[in-house]
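A.B. asks: This is the structure I want to talk about, given as structure tokens.
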Amino acid sequence: MAVKVAINGYGTVGKRVADAVAAQKDMEVIGVVKTKPTFEAQQAIDSKFPLYVNVRENMSAFKDAGLKIEGTARDMMEEADIVVDAAPDGIGIENKKKLYEPLRKKAIFQGGEKSFIAQASFNALANYKCAFGKDFVRVVSCNTTGLCRTLFPIDQKFGIKSVSAVMIRRGPDPADIKKGPVNAIVPDPVTVPSHHGPDVKTVMPDLKITTVALKVPTTLMHLHTVNASISNGTTPEDVIDLLNKTPRVLLVKAEDGIKSTAQIMEWAKDLGRRRSDMNEIAVWKESINANNSNLFYMQAIHQESDIVPENVDAIRSILEMESDPMASIRKTDMAMGLKSWWKN
Ligand code: NAD
């Protein structure tokens with residue numbers, strides 16, 4: 001029988017997680033929550049997701065807009081086996097206190113929440129089992145997910161002594177008209193390290209990592225430059241071979257015309273991906289430079305979608321539906337159409 005998943009917050013992340021959950025054979029979406037009757041609320045109805053409103057006071061706006069709602073978030077959660085919280089940064093902690101704890105509902109939070117909100121921070125490849133049977137789990141942010149996806153297999157195979165990485169971050173998401181920068185490069189923060197390194201350590205506690213971050217005027221993707229000091233010695237061919245076999249990592253080539261984040265997003269459109277998403281981390285093959293103990297590479301992260309498959313795996317781990325991480329990753333990816341790496 002499929003487990004019942006409620007999605008609290010149906011914006012950039014929530015609508016993607018809802019689609020990914022609905023695609024799984026072992027899960028069903030029992031409802032999604034909106035605060036306002038926007039086009040996304042209509043889209044939820046068109047997708048046959050029962051639509052709920054966060055609080056009773058907001059119901060009349062939906063009725064005035066002619067949108068059918070099934071009740072409040074609280075009503076939806078009564079029926080749920082688990083809630084995926086995809087509300088804006090900082091709202092998850094309020095939802096935990098007001099809803100999930102009193103209703104005794106297991107919940108997954110997103111990377112915009114502080115790590116103390118949950119009993120474990122999660123990345124499917126690096127620490128799937130840490131979420132097993134837990135009540136509250138946080139899927140780490142898009143940047144942290146990107147770092148874990150490549151650093152974890154590299155650490156397992158070659159042993160990482162230390163890592164230094166630069167995050168060149170998109171300003172806002174494409175649909176966000178209120179944020180910038182429009183014409184500046186903004187150290188964010190200006191102090192070192194940025195929060196990303198400590199966040200990676202919530203998943204890979206023994207990793208020595210320092211990160212710095214800058215925001216730039218683009219909306220498409222983040223780009224990371226990564227420099228790792230390696231214990232066991234490696235060559236570019238070894239690293240290419242490893243990343244080729246790693247789930248949710250795609251090697252891309254400038255030689256094929258993929259010379260920028262713009263072309264990665266164009267490729268995602270050509271692949272026919274829903275919303276032009278690129279759930280995998282794209283690593284430039286030509287950027288992999290390994291000289292025995294020193295490894296460099298560059299990778300691009302589609303911030304709106306890389307964390308989506310992790311939310312699905314987190315559900316399986318929390319609800320103890322699958323004990324083998326790779327089996328869950330495989331189920332998730334096959335259902336989402338991310339099949340490329342299973343050929344290897
Ligand atoms: P968003 O603003 O696009 O969507 C949030 C949704 O939650 C909206 O539909 C809003 O109406 C709804 N909402 C607001 N208050 C609510 C409440 N009290 N209860 C239920 N729903 C409520 O935000 P987002 O970008 O999807 O971010 C959600 C979370 O995911 C944040 O923690 C964010 O840091 C994290 N995240 C975002 C990205 C990204 O690139 N956008 C990437 C990774 C992680």
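A.B. asks: So which residues in the range 98-119 are within 21 Å of M27 (Cα to Cα) and within 11 Å of the ligand (Cβ to nearest atom)?
C.D. replies: Matches in the range 98-119: I108, F109, Q110.
A.B. asks: Here is a follow-up. How many residues does the range 216-252 contain that are under 21 Å from N292 (Cβ atoms), charged (D, E, K, R) and touching a helix residue (DSSP H, G or I) at 6+ places or on another chain (Cβ under 8 Å)?
C.D. replies: 1
A.B. asks: Pull up the range 107-120, narrow it to residues that are under 14 Å from N311 (Cα atoms) and open to solvent by less than 10 Å² (accessible area, probe 1.4 Å), then point me to the one that is farthest from the chain's Cα centre (by Cα).
C.D. replies: Per the stated criteria, the residue is A107.
A.B. asks: Continuing with this model, one more query. Just checking, which of V21, V13, V3 is buried (at least 23 other Cβ atoms within 10 Å of the Cβ) and in contact with a strand residue (DSSP E or B) (Cβ under 6 Å, 6 or more places away or on another chain)?
C.D. replies: Checking each option against the conditions leaves just V21.
A.B. asks: Under 7 Å by Cβ, and 6 or more places apart or on different chains, what pairs join a residue from the range 47-67 that is more than 11 Å from V33 (Cα to Cα) with one that is open to solvent by 30 Å² or more (accessible area, probe 1.4 Å) and within 12 Å of the ligand (Cβ to nearest atom)?
C.D. replies: Listed pairs, sorted by first residue: N58/T35; A61/K36; A61/P37; F62/P37; A65/P37; L67/P37.
Conditions (1) under 29 Å from F296 (Cα atoms); (2) at pLDDT below 95; (3) of a type outside the set (S, T, Y), marked per residue:
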| position | (1), (2), (3) |
| --- | --- |
| R104 | no, no, yes |
| K114 | no, no, yes |
| Y128 | yes, no, no |
| F132 | no, no, yes |
| V140 | yes, no, yes |
| T144 | yes, no, no |
| F152 | yes, no, yes |
| G159 | yes, no, yes |
| P172 | yes, no, yes |
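A.B. asks: Can you tell me which of (1) at pLDDT below 95; (2) within 20 Å of the chain's Cα centre (by Cα) is the one K215 doesn't meet?
C.D. replies: If we test K215 against (1) at pLDDT below 95; (2) within 20 Å of the chain's Cα centre (by Cα), just (1) comes out false.
A.B. asks: May I pose another question? Output the residue which, of all residues in the range 74-93 that are open to solvent by less than 10 Å² (accessible area, probe 1.4 Å) and out of contact with any Lys or Arg (no Cβ under 9 Å at 6 or more places or on another chain), is farthest from T12 (Cα to Cα).
C.D. replies: The qualifying residue farthest from T12 (Cα to Cα) is M76.
A.B. asks: In the range 222-327, which strands (runs of 3 or more DSSP E) lie fully inside it and hold 2 or more residues that are in contact with a Gly (Cβ under 7 Å, 6 or more places away or on another chain) and surrounded by 14 or more Cβ atoms within 10 Å (Cβ to Cβ)?
C.D. replies: Per the criteria, 222-234, 289-301.
The values are calculated or read from the model by the stated rules, or taken from the named source; none is laboratory data. Here the structure is a predicted model, which is why all the values come from computation and not from measurement. With ideal geometry, Cβ positions are generated from the backbone for all residues, glycine too; neighbour counts draw on all protein chains shown. Side chains are part of the model used for accessible areas, which takes the heavy atoms of the whole protein and leaves out ligands, DNA and RNA. Shrake-Rupley method; radii C 1.70, N 1.55, O 1.52, S 1.80 Å.
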